[in-house]
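Here is the structure we will look at.
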Amino acid sequence: MKNTEWVRCPVCGNKTRNQIREDTVLLNFPLYCPKCKQEMVIEAEKFLVTVIKDFNKKRENKAK
């Protein structure tokens, strides 16, 4: 089995309910943290998780 890690909340650092594998690629994934009760949009690849700050602006530009 491939190596897995818990996705941690970028705000509080707590484990979320999601796990990712080494070969997982997430794009525009809505991540919810049960501890701080915040939802954010993330991208992940090779265990590197980044928060998309202006997701609504990015989505509006693609619609045009």
Cross-link partners among aspartates and glutamates for Lys2, C-alpha distance below 18 Å, same-chain residues fewer than 8 apart left out?
Glu22, Asp23, Glu45
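By how many nm would the segment from Glu22 to Met40 grow when fully extended, if each residue of separation counts as 0.36 nm and the alpha-carbon distance is taken off?
Length gained, Glu22 through Met40: 4.3 nm.
Read-outs throughout are calculated quantities, based only on the coordinates presented, and are distinct from any laboratory measurement. This one's a predicted model, so the numbers in the text were calculated from it and none came from an experiment.
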